[in-house]
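This report concerns only the one structure given below.
The values are calculated or read from the model by the stated rules, or taken from the named source; none is laboratory data. Computed from a predicted model, the values in this text were never measured in an experiment. When we count neighbours, we look across all protein chains shown, and the Cβ atoms used for this are built from the backbone with ideal geometry, even at glycine. Keep in mind that these areas ignore ligands, DNA and RNA; they rest on the heavy atoms of the full protein, side chains included. Shrake-Rupley method; radii C 1.70, N 1.55, O 1.52, S 1.80 Å.
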Amino acid sequence: MKIKYPKNGKFGEFGGSYIPETLVPAVEELEQAYLKYKNDPDFKKELHYYLTQYAGRPTPLYYAENLTKFAGGAKIYLKREDLLHGGAHKINNTLGQALLAKRMKKKRIIAETGAGQHGVATAMACSALGLDGEVYMGYKDTQRQKLNVFRMNLLGTKVHPVKDGTQTLKDAINEAIRDWITNVETTYYLLGSAVGPHPYPVMVRDFQSVIGDEIKTQMKKLERKSPDSVVACVGGGSNAIGTFYPLIDEDTQMYGVEAGGMGVKSGHHSATLVGGSKGVLHGMLTYLLQDKEGQISETHSISAGLDYPGVGPEHSYLKDSKRVKYDAVNDREAVEAFLLLSKHEGIIPALESSHAVAYAIKLARKMSKSESIVVTLSGRGDKDVEEVGRYLSKNVKNKIKV
Amino acid sequence: MSKIKSKFKVLRSKNQKALIAYVMAGFPTEKDTISAIRGLVKGGADIIELGMPFSDPLADGPVIQHAGFTSLQKGMNFSRFLELVKKIRKETDIPLVLMTYTNILYRQGYDRFISTVKKAGIDGLILPDMSIGESHEFLKAAKKNGVDTIFLISPNTEPDRIKKISDASSGFLYLVSVFGTTGGQQKFQGYTTHAIKNAKKILASKIPLGVGFGVSTPEQAKLMISSGADAIIVGSAFLRLIEGTPSNKIEEKIRSFTSSLKKTTLPE
C-alpha cells in the first residue's frame, strides 16, 4: 500500500508527467536534485534548523476537551499546524523546496496560490533565504483574500493577479506553468500542493510528512498507540497526504474531507474525489471535475484553498485502493465548524481546516469515548473572518446556530 | 502513405518547404473558420492545424488562449468540431492536423476519439502536453487508426531524447522555436537557429522538421528556413488577423497573408 517513491512517477495508474517538452529537462533536473539532497545530512540539518527555529516545529497536538464534550464521542485532538509561522502547514514545504532551489542555484522563485497561504509561505521562505519570489493568484482569490495579498507584498514578493478562466487556483497554476516554460533556465517553480508532474507530488508529500510523523510520536506518548482515526481537509491534498502517509501502515482509519460547496449534487463544489472522474490536468493523471468532453469544470467552495478541480495523484490512488475514505462537507457545515471551534476552544480555524473539523465532530459521535481522532488543523482563520462575515450576512434567513 | 507524408514528398520534388497554418476551430465563429480555411488553401498553405479548444491551455500564449475561450463560450464542442471538419473536407483534401490537449482525448478514450476524428477527415494529432513517456496508449490508438502523431521538441531537448521522440513521431516533428508559450515573438535569438541546425543534424532526412511558436512574419519564416527548417508553422498571427477583420473580408485577407508567407518556402 505504501509507495515510498513512485516508479515513473506513478501511484498505481495515477500521477506521471504530462508536460510540454520544454519543461522536461527542468523536471528531470529537479528530480535528480531532490534524490540527491533528500537524504543528505547537511540538507536535512539545515531544513530541520529552519523548521524548528524559524517555522516553530514541532507543533502541539492539543486535546480539544471542550469540543470533545460538545461532540460527545471519541476524543478529538487537534494537530496545530495553524500555529506555524505564517499560519499554515504550507511553510513545511516552502522551506524544503526553497532550500533545494538554492542548492540548484536558482534565484528566481515562482509559485501559485489559492487562499494565499502558500503564497505567503513562499514569500517568507524567499525572504529568509534571500531568493526573489513572484506569486500568481487568481483575481477572484486576490479579492476574497486581500489580507494575504498585502502580506505577500510586505514580505517583498510580487503578486500577479490572473484574470483568465475562472480566476482561481487552477488558472494561477496555468499561469505559473507558462512563466516556467518561458523562464525555465533561471526559475524554480515552487508548487504548493502535492499535485503537478512527477516529482512534485512525492516531494511535497515528503516535506509535509513531518505532520504525520509528529502525530505518530505524540500519540504514542499521549495514548500509547497510533490514533484510531485521522481527519484532514483535501484541496490539492498536501496537509492530508502529509498526515496520512506516515500512518498508512498503522491501524488507523483515514478520512479526507473535500469541499462540498453548495452540495455535491448542486454541481457547485470542489469535491474532486467524491464527484469526479479520471483525467489529465497540470501534468498529472488524477481525478478531476470535468464535463463529459474533458473540459475542466468551474468549481466552488467558500474556502479558496480547496477551490480546485484536481487533486494529488496519491489521493486518487488511496481512494481507489480504499485505504482512505473521502467525503465532502459543504460550505454551511464548514462555517458552523469555524464558529464552533472559535467559541468552544478559542481557536479560529482556516475555512479549509473547518471542513475537517466539521467532519471530525460527526465522526466522533459515531465512535466510542475510548477512541481517538486526530484532526489536522492545517491553518488559522484570521484570513477568513471577512469571508465568514459575508457568508453569515447573506444567510441571515437560515440562521446558523452554534 | 499518409496524406502528410505524401505532401512533404511532393514539396521535396518541387524543392519547396511547407507552410503550416494554425487556426482555432470556431474562432470567432464556425463560419469565419471556414472562410479562413478557404483563404489558407487559396493562398497556398500546405497543411492546416485545426485547434480544438481546451479549458486549460497551459502551453498557449494570450492570443490562442483568447481564441479558445471565445470558441468554447460560443458553444464549441466535440460534435460541432466534427461537423466543421466534415464541412472542410467537402471543400479541400489538404492535410488536416488536430491540435488540442491530452485530456480531451483521454476523457473519451484514445481509440474512440482518434477513430472518430479520423473518419471525419483528420490526418494527424498534436498534443503539447503529451510527453513521450506517457504516450504508449495514445501511440497504439493512433497507429491502429492510421493517424500521424506529431510530437514536439524544444531548444533544450537533449540529442538522445530528440532521437527517441522522432522515433515516435510521424508526418513531421514540431520544434518549439523559443522558451515560451505560443504567440508573437518580436525577435529570435541565436539559440533558435542553433536548435534548428542541431535537430536537423540528428534527424537527417528521417522526418521533416517543422518550426513554430512565435513565427509570425515572412522575415522570420525565411530565417527558420535558411537555418534548415522543412516547414514553418504560423498560428497566432493568423488568429490576430482573423479577429481584426470583418467576416466578409476574412477569406481575402488570409489569402493574401498566406501567400506572402508561402513565398518564403519557394526555391529562390
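Taking θ as phi - 60° and the Karplus parameters 6.51, -1.76 and 1.60, the scalar couplings of the stretch A:17-22 work out to 8, 9, 9, x, 4, 4 Hz in sequence order, x denoting glycine and proline.
Would you mind counting up the charge near A:Thr52? Only other residues with Cβ under 14 Å from its Cβ, with Lys and Arg at +1 and Asp and Glu at -1.
Numbers: positive: A:Lys44, A:Lys45, A:Arg57; negative: A:Glu46, A:Asp213, A:Glu214.
Summing Lys and Arg as +1 and Asp and Glu as -1 gives 0.
Comparing Cα centroids, the stretch B:43-82 and the stretch A:307-327 end up 31 angstrom apart. Any idea what log10 I(q)/I(0) is at q = 0.07, 0.10, 0.11, 0.13 Å⁻¹ for chain A, Debye with uniform C-alpha scatterers and no solvent? Listed by q, the Debye log ratios stand at -0.27, -0.58, -0.71, -1.03.
Given the peptides A:319-332, B:48-61, arrange them by the average over their residues of other C-beta atoms within 10 Å, most packed first.
Numbers: A:319-332: 18.7, B:48-61: 24.9.
Descending mean neighbour count gives B:48-61, A:319-332.
Buried surface between chains B and A: roughly 2900 Å² of accessible area, summed over both sides, computed with a 1.4 Å probe on protein heavy atoms only. For a straight C-alpha distance cut-off of 13 angstrom, the aspartates and glutamates reachable from A:Lys107 (same-chain residues fewer than eight places away being disregarded) are A:Asp132, A:Glu134, A:Glu185.
Is the shape of chain B best called rounded, prolate or oblate, per the rule: a/c under 1.5 gives rounded, else a/b larger than b/c gives prolate, else oblate, with a ≥ b ≥ c the square roots of the Cα gyration tensor eigenvalues?
Values: a/c = 1.38, a/b = 1.08, b/c = 1.27.
Because its axes are fairly even, with a/c under 1.5, chain B counts as rounded.
Calculate one ³J(HN,Hα) per residue across the stretch A:52-66 by plugging θ = phi - 60° into the Karplus curve 6.51 cos²θ - 1.76 cosθ + 1.60, and present them in order as whole Hz with x for glycine and proline. Using θ = phi - 60°, the values come out as 7, 7, 9, 8, x, 7, x, 8, x, 10, 9, 7, 8, 5, 5 Hz. Contact residues in the stretch B:124-151 by the 40 Å² criterion (accessible area, 1.4 Å probe, full protein complex versus chain alone): B:Asp129, B:Ser131, B:Glu134. Of the residues in the stretch A:289-312, those shielded by at least 50 Å² of accessible area once partner protein chains are present, compared with the chain alone at a 1.4 Å probe, are A:Glu293, A:Gln295. In Å², and per residue, what accessible area does the stretch B:136-268 have when probed at 1.4 Å with the other protein chains present? Accessible area per residue: 44 Å². For the stretch A:9-58, the convex hull spanned by the alpha carbon atoms encloses 126 Å³ per residue.
Where does chain B land at 222 nm, in deg cm²/dmol rounded to the nearest 500, when only DSSP H runs of n ≥ 4 count, each adding -39500 (n - 2.57), divided by all residues?
Values: 12 runs with 134 residues, N = 268.
So the helix-based figure for chain B works out to -15000 deg cm²/dmol.
Here the accessible area of the stretch B:1-121 is 52 percent carbon and sulfur, with a 1.4 angstrom probe and all protein chains present.
Projecting the Cα atoms of A:Gly114, A:Ala194, A:Leu155 onto the dipole axis of the stretch A:89-208, where Lys and Arg carry +1 and Asp and Glu carry -1 at the beta carbon, places A:Leu155 farthest toward the positive end.
Highest mean first, the peptides B:232-238, A:188-194 sorted by other C-beta atoms within 10 Å per residue fall in the order A:188-194, B:232-238.
Under a Gaussian network description of chain B, with springs only between Cα atoms under 10 Å, the residue in B:Ser79, B:Ser226, B:Ser131 that fluctuates furthest is B:Ser79. What does DSSP give for the stretch A:25-152 in terms of the percent of beta bridges that are antiparallel, rounded to the nearest 5? Here the share of antiparallel DSSP bridges comes out near 35 percent. Among the listed pairs A:Lys343/A:Lys383; B:Lys7/B:Lys187; B:Lys119/B:Lys253; A:Lys278/B:Lys31; A:Lys79/A:Lys221; B:Lys87/B:Lys119, a Cα-Cα separation exceeding 23 Å is found for B:Lys7/B:Lys187; B:Lys119/B:Lys253; A:Lys278/B:Lys31. Using a cutoff of 8 angstrom between alpha carbon atoms and counting only pairs six or more residues apart, the relative contact order for chain B works out to 26 percent.
Considering only DSSP beta bridges with both partners in the protein assembly as shown, what is the antiparallel share in %, to the nearest 5?
Numbers: 14 of 76 bridges.
Counting DSSP beta bridges with both partners in the protein assembly as shown, the antiparallel share is about 20 percent.
Under 5 Å from the amide H of B:Met24 lie the amide H atoms of B:Gly51, each residue being 5 or more positions distant or on a separate chain, with H modelled from the backbone and absent for Pro and chain starts.
Exceedance of the 21 Å cut-off in Cα-Cα distance is limited, within the set A:Lys36/A:Lys106; B:Lys143/B:Lys164; A:Lys69/A:Lys90; B:Lys5/B:Lys206; A:Lys140/A:Lys394, to A:Lys69/A:Lys90. Students often get this wrong: which residues of the stretch A:72-96 have the backbone nitrogen under 19 Å from the point 7 angstrom along Cα-to-C-beta of A:Val385? Only A:82-88 pass the distance filter.
Rolling a 1.4 Å probe over the heavy atoms of the protein chains gives chain A an accessible area of 36 Å² per residue. Between A:Gly237, A:Tyr317, B:Phe54, the Cα set farthest toward the positive side of the dipole of the protein assembly as shown (charges on each charged residue's Cβ, about the Cα centre) is that of B:Phe54.
Go ahead and run the numbers for FRET between B:Ile34 and A:Lys325, Cβ-Cβ distance against an R0 of 60 Å, rounding to 0.05. Can you show the working numbers first?
Details: r = 52 Å, r/R0 = 0.86.
So, using R0 = 60 Å, E works out to roughly 0.70.
Counting, for every residue in B:104-113, the Cβ atoms of other protein chains within 10 Å of its Cβ and taking the mean gives 3. With both labels modelled 7 Å from their Cα along Cα-to-Cβ, the A:Lys221 to B:Lys263 distance reads 8.0 nm. Residues in the stretch B:197-207 carry Karplus couplings, in order, of 4, 4, 5, 4, 4, 6, 7, 6, 10, 5, 8 Hz; the curve used is 6.51 cos²θ - 1.76 cosθ + 1.60 with θ = phi - 60°, and Gly or Pro positions show x. Under 5 Å between amide hydrogens, built in the peptide plane, is the criterion, and for A:Phe14 it picks out nothing among residues at least 5 positions away or on other chains. Of the accessible area of the stretch A:58-123, computed with a 1.4 Å probe over protein heavy atoms only, carbon and sulfur atoms account for 56 percent. Using a 1.4 angstrom probe on heavy atoms only, work out the carbon and sulfur share of the accessible area of the stretch A:263-402 in %. Percent of accessible area from carbon and sulfur atoms in the stretch A:263-402: 50. Averaged over peptide A:174-181, the number of partner chain Cβ atoms lying within 10 Å of each residue's Cβ comes to 5.
Round to the nearest 0.05 the FRET efficiency obtained for A:Lys343 and B:Gln189 when R0 = 41 Å and r is the Cβ-Cβ distance. Mind showing how you got there, number by number?
Details: r = 61 Å, r/R0 = 1.49.
Using R0 = 41 Å, I get an efficiency of 0.10.
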